[in-house]
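See structure below.
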Amino acid sequence: MKFHITTFGCQMNVHDSQWLARALTSRGWEEAGEDEAQVYILNTCSVRDKPEQKVYSELGRVAAHLKRDENVFAAVGGCVAQQIGRGFFERFPFVRLVFGSDGIAGAPNALERIAENLDDRVALLDFVTLYEEREPPSETVPVADETRQAFVNIMQGCDNFCAYCIVPYTRGRQKSRDPEAILAECRSLAEDGVREITLLGQNVNSFGLDKGGKGVSFAQLLHSVAAIPGLDRLRFTTSHPKDIAPEVIRAFGELPNLCPSLHLPMQAGSDRVLKAMRRKYDMARYLSIVDGLREARPDISLTTDLIVGFPGETEEDFLQTLEMVERVGFESSFSFKYSDRPGVAAVNMEPKVPAEEAAERLLRLQTLQNNITRKCLKNLVGARTDAFIEGLSRMQEDGAVSWKGRDPAGRIVNVVMEERTGLTGMMVPVKIVEAKKHSLVGERAGQPW
Ligand code: SAM
Ligand code: SF4
């Protein structure tokens, strides 16, 4: 069978799709382009915007392939699948499988069954209370790809119920994964040549605070993973400020391969709004975490998520967000206009901020952020670092080949080099020579390793 996966949303969805692709490849299925596939899998996200509309229009495109092959069918997974569920079967008869994020472990078997009996319809929508291990790929499918970077899931779901967020409803309650299974996966990736691992979860700082985790804290897990031979870079995301332990902050100063960057979603700079958002920290606490991180690792790069126009946000509140963004000096941020999600607490909060006002605030925030980003990047000109090469960059200069890499903090560094092949997955020592709007330009300053 030939399959095609389309992924919306966060890194967790990207990672889920990668796992699904490997599991299907292990069964002899083949990943194919959009015009060749028989099975279309949409891995969806409903955190913002108009997610259902996006999925419906994507399914409209899949329907067009039925003219080419009447046995074409589709599977919808992720947050939108969890919300709409069997509703997809009625609206789009060629949808044969729906699965939520807790149901994904069963998706490969279900797809195989459906491929044998095209009349089957399967819904994998139950939430589980313990992390369900997913099957490893067969030995014929490489666990590491060329980039020598990998994501490793350490938990599923979220217990925080921030007032604006749909995740706890679509991905279920928090379930930590068995630390031994996490370590075994990380070891096997490193043995296969992976040099950079990103540990993934909705709130990694609360790892082990549920029934899973076997008493291992997130800080302990970090120390164990960091000790795996061959691992040059370790990252993790996402980190909720309320749960970050002093041991995790200290780890930035203790573990040389823990990368000097942290994505620490602040969401708003006003204590009043943070309280309404149910974030359970105030700005004094947030700033003390920032101080602790900078003490442990002075070169740490901080990035964040911000929401503007949360119900009840005044101009005064918004100005506090601007002030805090400047004070912390985030290197970059993802900023969003608040959008109502079905069933979350903020739906009933008033007054709503008019759309034009929220758009105007977003623009002001992004203008400020661009200025800060520019300054941070400019300060790096002249510095020496290692760029971990991910592949060729899009821009090619005068026939020379430009490669795209990342410095330890995750900043993009483009480097022009003579080699046309063979550098992906290598570290290249570089000197930073120029700062662009969102990236750096480096000059090779040593042998790739
Ligand atoms: N677990 C992470 C945390 O607590 O920071 C965030 C995960 S959430 C999927 C990613 C980001 O989407 C959030 O940090 C928030 O900024 C944004 N987001 C979530 N719900 C939103 C909503 N209803 N409207 C606008 N932005 C939203
Ligand atoms: Fe959503 Fe809050 Fe959980 Fe993050 S911590 S996923 S924002 S509920």
Is it the case, given these coordinates, that Val62 is touching a helix residue (DSSP H, G or I) at 6+ places or on another chain (Cβ under 9 Å) and not polar (S, T, N, Q)? no
Pick out, from the range 94-196, the helices (runs of 4 or more DSSP H) lying fully within it that include 3 or more residues that are within 16 Å of ligand 2 (Cβ to nearest atom). 167-170
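For every residue, the table says whether it meets (1) under 24 Å from Ala105 (Cα atoms); (2) crowded, with 18+ Cβ neighbours inside 10 Å; (3) not polar (S, T, N, Q).
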{"site": "Cys45", "(1), (2), (3)": "yes, yes, yes"}
{"site": "Arg68", "(1), (2), (3)": "no, no, yes"}
{"site": "Asn71", "(1), (2), (3)": "no, no, no"}
{"site": "Gly78", "(1), (2), (3)": "yes, yes, yes"}
Only residues in the range 158-171 that are free of Cβ contacts under 8 Å to residues at least 24 places away in the same chain count as the first member; pair them with residues that are within 6 Å of ligand 2 (Cβ to nearest atom) and assigned to a loop (DSSP other than H, G, I, E, B), Cβ under 8 angstrom, at least 6 apart or cross-chain, and list the lot. Pro168/Cys158; Pro168/Asn160; Pro168/Phe161
What is the one condition in (1) assigned to a loop (DSSP other than H, G, I, E, B); (2) within 24 Å of Ile249 (Cα to Cα) that Arg341 does not satisfy? (2)
Within 30 Å of Pro179 (Cβ to Cβ) and either free of Cβ contacts under 8 Å to residues at least 12 places away in the same chain or away from ligand 1 (no atom under 16 Å from the Cβ) (or both): which single residue out of Leu287, Leu222, Leu319, Leu274 fits that description? Leu222
Look at the range 194-219 and say how many of its residues are among the hydroxyl-bearing types (Ser, Thr, Tyr) and touching an Asp or Glu at 6+ places or on another chain (Cβ under 6 Å). 1
Taking the range 8-39 only, how many residues are surrounded by fewer than 20 Cβ atoms within 10 Å (Cβ to Cβ) and in a strand (DSSP E or B)? 2
Looking at the range 355-404, which of its residues are at pLDDT below 95, more than 25 Å from Glu196 (Cα to Cα) and not in a loop (DSSP other than H, G, I, E, B)? Glu397, Ala400
Given (1) at pLDDT below 95; (2) within 30 Å of Ala435 (Cα to Cα), index of the condition Arg341 fails: (2)
Would you point out which residue out of Val248, Val194 is crowded, with 21+ Cβ neighbours inside 10 Å and either within 14 Å of Gln156 (Cα to Cα) or within 16 Å of ligand 1 (Cβ to nearest atom) (or both)? Val248
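Test Ile307 against the stated conditions and say whether it is surrounded by 15 or more Cβ atoms within 10 Å (Cβ to Cβ), of a type in the set (A, V, I, L, M, F, W, C) and under 30 Å from Ala227 (Cβ atoms).
For Ile307, the condition - surrounded by 15 or more Cβ atoms within 10 Å (Cβ to Cβ), of a type in the set (A, V, I, L, M, F, W, C) and under 30 Å from Ala227 (Cβ atoms) - is not met.
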How many residues, within the range 40-89, are under 21 Å from the mean Cα position of the chain (by Cα) and farther than 17 Å from Met12 by Cβ? 5
Flag for Asp282 being more than 13 Å from ligand 1 (Cβ to nearest atom), of a type outside the set (Val, Ile, Thr) and in contact (Cβ under 8 Å) with a residue 12 or more places away in the chain: no
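Residues checked against (1) modelled with pLDDT under 95; (2) within 16 Å of ligand 2 (Cβ to nearest atom); (3) touching a strand residue (DSSP E or B) at 6+ places or on another chain (Cβ under 7 Å); (4) under 20 Å from Arg134 (Cβ atoms):
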position: Thr198; (1), (2), (3), (4): no, no, yes, yes
position: Phe207; (1), (2), (3), (4): no, yes, yes, yes
position: Asp210; (1), (2), (3), (4): yes, yes, yes, yes
position: Gly213; (1), (2), (3), (4): yes, no, yes, yes
position: Leu221; (1), (2), (3), (4): no, no, no, yes
Scanning the range 47-56 for residues that are surrounded by 15 or more Cβ atoms within 10 Å (Cβ to Cβ) and over 28 Å from Glu70 (Cβ atoms), which turns out farthest from ligand 2 (Cβ to nearest atom)? Pro51
Pull out all pairs, ordered by first then second residue, where Cβ-Cβ is under 7 Å, the residues are six or more apart or on different chains, the first lies in the range 228-240 and is under 18 Å from Glu180 (Cα atoms), and the second is at pLDDT 95 or above and within 11 Å of ligand 2 (Cβ to nearest atom). Phe236/Val204
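The values are calculated or read from the model by the stated rules, or taken from the named source; none is laboratory data. None of the values given here were measured: they were computed from a predicted structure. Because the Cβ atoms are built from the backbone with ideal geometry, glycine has one as well, and the counts that use them run over all protein chains shown.
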